[in-house]
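Beneath this line is the structure, given in structure tokens, with notes to follow.
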Amino acid sequence: MKYEIILQTSIATSPSSVWQVLTELERYPEWNPFVLRCESSLQPGKAIFMWVKLLPFTLKQRETIRHNDGKSFMEYGVHIPGLLYSTRQHKLETDQPASCLYHSIFRLEGLLAPLIGGLLNKRLKHGFSAMTEALKLRCEESD
């Protein structure tokens, strides 16, 4: 049982500039309409705390950083054995010399995936789309 949202956009700036915006967590309130606040060292095995605007109120989530190569790929999520395995990925690919492709990937697997995906589908799609669009705007404005 799987639920996923995969988005991709071309951003007219270098991958390193996009990575900087993605990893300056303290600046999320300035541009991110979905993750209103975020705290983490971004080190694999460590927590990431996010305040997400998913419902009419903000939810605080605790997830774990699984991978971070420090330049183009980061993954974090939640694992509740037997019930849910969530994955959130940020991936950058070089597109042209002064641009890159940003991939936003969100997956839910396990017994709770259809329930969560069904109940929150519209809100999740809106949130991840809004964040992706805002990231592109932020990166292209500051370049």
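Results, tabulated for the structure shown:
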read-out: Average Cα contact separation per residue, the chain, under 8 Å, 6 or more apart, as relative contact order %; value: 33 percent
read-out: Karplus 3J(HN,Hα) series, Hz, for segment 83-98 with 6.51 cos²θ - 1.76 cosθ + 1.60 (x for Gly, Pro); value: 10, 7, 10, 9, 9, 10, 10, 10, 9, 10, 10, 5, 9, 9, x, 10
read-out: For Glu26, net neighbour charge (Lys/Arg +1, Asp/Glu -1) across residues whose Cβ lies under 13 Å away; value: -1
read-out: Mean separation of Cα contacts under 8 Å, 6 or more apart, over the residue count of segment 37-120: relative contact order %; value: 17 percent
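Every number here is computed from the coordinates shown, using simple stated rules; none is lab data. In this text, all values refer to a predicted model and were calculated from it rather than measured experimentally. All Cβ positions, even for glycine, are placed from backbone atoms using ideal geometry, and neighbour counts span all protein chains on display.
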